[in-house]
Amino acid sequence: MTGDRRSVSGSLPATGTAGQVGTEPARATEEILRRQLGRPARSVRRVAHRCGCGLPDVVETWPRLADGSPFPTLFYLTCPRAAAAIGRLEAAGEMRRMTERLGADEELAAAYQAAHRDYLARRDALDVLPGAPSAGGMPERVKCLHVLVAHSLAAGPGVNPLGDEALAALPDWGAAGPCVPVDDLAPDDGAAEGAQ
């Protein structure tokens, strides 16, 4: 990985802002998320992290969809370039290798358990889901690197050791500029500040 993408916040270069990290998405941000995902984003609470190009790459979602259905994935990766790069790690067997290491390394397993508790505490602060479902396979296995990387980006370094490890193995997906066209978007007009 080149550069540290973990603390990036700010506005879109030369095209206007799309809401700061921690703000509720405004119209331009919602459109960027739609373009990134290929569909409207669901249950978005706030932008949790921005890529080096200025666009959102992780959003924090509400623990329930609009119809009340549980949605346990608190941090959702939105950047298609990041998702593709993580998909290549998964296809190369990285989840299996990480899961094997969890069974052999007590210190790593304890740190991953702590990451699981952090994830649940952050989600439970918004709404407690029945059965306390986790995400990404935490705490016993690795089922989705996308979730772990999104957690690492949103929470910062040192919280999710396997998310941090996967993130360090990824190329800088923002180096080529925005992953979706943004030149036609008007600046957001004052999204309300959200909790960080």
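Quick notes on this structure:
- Peptide packing for 178-184, 99-105, 62-68 was compared via the average number of neighbouring C-beta atoms within 10 Å per residue; ordered from the highest value, the list is 178-184, 99-105, 62-68.
- Length available on full extension from Arg34 to Ala175: 0.36 nm per residue minus the Cα-Cα distance, which gives 48.6 nm.
- Distance in nm between pseudo-label sites at Ala84 and Asp118 (7 Å out along the Cβ direction from Cα): 2.9 nm
- Relative contact order of the range 27-168, taken over Cα pairs closer than 8 Å and 6 or more residues apart, is 22 percent.
- Scaled radius of gyration (Cα, divided by 2.2 N^0.38 Å) that the range 26-90 gives: 1.11
- Among Leu148, Leu153, a tally of other beta-carbon atoms within 10 Å of each Cβ gives an order, fewest to most, of Leu153, Leu148.
- The distance between label points at Asp184 and Ala110 comes to 5.5 nm (points 7 Å beyond Cα on the Cα→Cβ vector).
- Virtual spin-label span in nm between Ala92 and Arg64, 7 Å along Cα→Cβ: 4.2 nm
Here, each number is a calculation from the coordinates, and none is a lab measurement. Remember, it's a predicted structure, so these values are computed and weren't measured experimentally. Neighbour counts are summed over all protein chains in view; Cβ atoms, including those assigned to glycine, are modelled from backbone coordinates with ideal geometry.
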